[in-house]
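Scroll down for the structure; my scribbles are underneath it.
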Amino acid sequence: MTVYYTLFTFLYQTGDAFAFLVLSACGLAIIFGMMGVINLAHGEFIMCGAYVCAASARAGLPLPLAVLAGALAAGAAGMLIERIVIRPLYDRPLDTIVATWGVSMIVTQSTLILLGSTMPGTGTPFGSFAVGPYSYSIYRVVLMGAALATLGLLWLGFTRTRFGVLARATIQVPHIAQALGVNTGLVYSLTFGLGAALAGLAGGLYAPTMTLVPTMGSAFVVEAFVTVVVGGADIFLGTAPAALVLGIIKAALTSWQGQLAGQIGLLVAVIIVIRILPRGISGWILRERA
Amino acid sequence: MRSEVLLNTVGLWSGYGGKPVLQGVDINVREGEIVAVIGRNGVGKSTLMKSLIGLLARDKGSVIFRGEEIDTVPAYKRARLGIGYVPQGRDVFPRLSVMENLLVGESINGQRASRDQIESIFSYFPILKERRNQPAGTMSGGQQQQLAIARVLMGKPALILLDEPSEGIQPNIVQDIARIMVELNKSTGVTIVFVEQNIDMIRAMAQRCYVIDKGRITNEIMPETLEDRDAVRRYLAV
Ligand SMILES: Nc1ncnc2c1ncn2[C@@H]1O[C@H](COP(=O)(O)OP(=O)(O)OP(=O)(O)O)[C@@H](O)[C@H]1O
Ligand SMILES: [Mg+2]
């Protein structure tokens, strides 16, 4: 019997790590994969989602709506920042890195000044369930479902909707999309907004599980970058499989040697992947196919 | 049959990074015409097409569509005026399916193509129907050329700008494309401006030809003129 309990614990931990990696990374992956922009303010969109979610929940909004509010707020902030900061810099990738880094610092510091060093959170809902001698958080299972649902909806959105087709056309050959009547500026703006909204969603979903501080985004950002680097530019061929592989590595190392080993394992995995597959998993898959 | 001028340019200058390529181009195209732009390699034919659709900003002069100057109108809005641009080298979206490539073309008129419209496009280009779910990047040059043309037909343009459709494709497909373009022009009245160096295609399609050299229109000739080898050498040979 104990072997089953151990197996279940491992599956649960892998699922938990997978959900965290997918949710942290997909906004970053979309902005990088679709627009080639490395968004160092990713963590601040996450923080924005978490803060808005917690504030709305405390104001009485049911949690699912509060999470949604967080995502929408981050998405709106993203579209604003795209307009003001990113748009003039599309041809200068290095400058966008510096600019988004600047945004990140300004937002973190202003939040600290305006809202103080911490923000009251909301408790984790749903309680726990037991399998054998161990107990598990139900909310963590909800998060796993949310990660899968997010991937599924994104896939449908990018393959089955008109916006998805135009967005993919725009990344593949931007000037031709434009010459065919596509308002590519609007496509970029909406794509950046979507990426920011997904970051906000991650923040909102994890808000009930963590302490809310202005720098909380950094807890997500390292893992998000690891996942995007390992996965490469394509969210479905890259981010999802990378999150799965990294989730397994992290869960295995964490249960064997503890949290720190899990973190180090991820970083080692990145270094190895960069050596073997410089364009990530999706770059490799696309090349094998071609 | 007298018809209105659909597109004209007045003393059009444009180029890349301050280096002028077009140096005062004047053309006039009436509704329903099929006009060829011919000339040697590198004289500025594609530059003219890009300046017409707005992918390249003009330096001086004007592009006028239906009597309105469109010099400051961005490319996507020019397309929405009813201009379908088929670039040199086709530039299909390689990782979109054939059908998805076609759907992008709907942005030209911003309307969903009806089933009938799609079927009629497929009747001109049956290979596209057969390969509708295949990624466009995996098709041959000739098939991609047909797709690039079909893609603009989805948006029912009033004017098609076609840049060297024959380049790198088999002679029988070149003939097919020429025939289809003429048929489309007859049945829908669409105006066509095309760049071409292939004599057969020019003779099969064009009603008249502008000869471009060193960034200017140097001659206007009838396609029959190209039956003469000396004329071909003069206007087209390197
Ligand atoms: N993107 C660009 N940047 C700089 N110069 C360019 C660019 N595209 C074309 N040129 C130059 O502008 C001139 C005209 O080019 P263009 O492509 O218009 O010629 P073309 O008549 O279409 O030739 P071809 O028959 O080979 O297609 C050439 O000297 C070319 O080298
Ligand atoms: Mg050319």
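The values are calculated or read from the model by the stated rules, or taken from the named source; none is laboratory data. Quick caveat, the model's predicted, so the values are computed rather than measured. Positions of Cβ are backbone-derived with ideal geometry, glycine not excepted, and every protein chain shown enters the neighbour counts.
Inside region B:94-175, counting only helices (runs of 4 or more DSSP H) that do not spill past its ends, which hold 1 or more residues that are more than 29 Å from B:A206 (Cβ to Cβ) and away from every other protein chain (no Cβ under 14 Å)?
In region B:94-175, B:115-124, B:126-130 are the helices (runs of 4 or more DSSP H) which contain 1 or more residues that are more than 29 Å from B:A206 (Cβ to Cβ) and away from every other protein chain (no Cβ under 14 Å).
With respect to B:G42, determine if the residue is at positive phi and within 14 Å of chain A (Cβ to nearest Cβ). No, not satisfied. Out of the residues in region B:24-57 that are more than 11 Å from the chain's Cα centre (by Cα) and part of a strand (DSSP E or B), which is nearest to ligand 2 (Cβ to nearest atom)? Per the criteria, the residue is B:I38.
For region B:124-139, the criterion of a residue being charged (D, E, K, R), without any contact (Cβ under 8 Å) to a residue 24 or more places away in the chain and either farther than 24 Å from B:I38 by Cα or in contact with a Ser or Thr (Cβ under 6 Å, 6 or more places away or on another chain) (or both) is satisfied by at least one position.
Scan A:S56, A:S24 and give me the residue that is touching a helix residue (DSSP H, G or I) at 6+ places or on another chain (Cβ under 6 Å) and either of a type in the set (K, R) or free of Cβ contacts under 8 Å to residues at least 24 places away in the same chain (or both). Only one candidate qualifies: A:S56.
With respect to the conditions (1) away from chain B (no Cβ under 14 Å); (2) free of Cβ contacts under 8 Å to residues at least 60 places away in the same chain; (3) not small (G, A, S), A:L198 lacks only one, and its number is (2).
In the set B:V25, B:V5, B:V29, only one residue is aliphatic (A, V, I, L, M) and either within 15 Å of ligand 1 (Cβ to nearest atom) or over 20 Å from B:M222 (Cβ atoms) (or both); that residue is B:V25. The set of residues from region A:210-244 being in contact with a Leu (Cβ under 8 Å, 6 or more places away or on another chain) and over 27 Å from A:I276 (Cα atoms) comprises just one member, A:P214.
In region B:60-77, the residue that is farthest from B:R216 (Cα to Cα) out of those that are within 8 Å of chain A (Cβ to nearest Cβ) and under 17 Å from the mean Cα position of the chain (by Cα) is B:Y76. One residue is enough: does region B:217-225 have a residue meeting the conditions surrounded by fewer than 22 Cβ atoms within 10 Å (Cβ to Cβ) and closer than 30 Å to A:G181 by Cβ? The answer is yes, given that some residue of region B:217-225 is surrounded by fewer than 22 Cβ atoms within 10 Å (Cβ to Cβ) and closer than 30 Å to A:G181 by Cβ. Please specify each residue of region B:101-127 satisfying the condition of being closer than 23 Å to A:A177 by Cβ, surrounded by 12 or more Cβ atoms within 10 Å (Cβ to Cβ) and of a type in the set (G, A, S). Matches in region B:101-127: B:G105, B:S107, B:A113. Taken over region B:194-230, the residue count meeting the criterion of being modelled with pLDDT of 90 or more, more than 16 Å from ligand 2 (Cβ to nearest atom) and of a type in the set (D, E) is 2.
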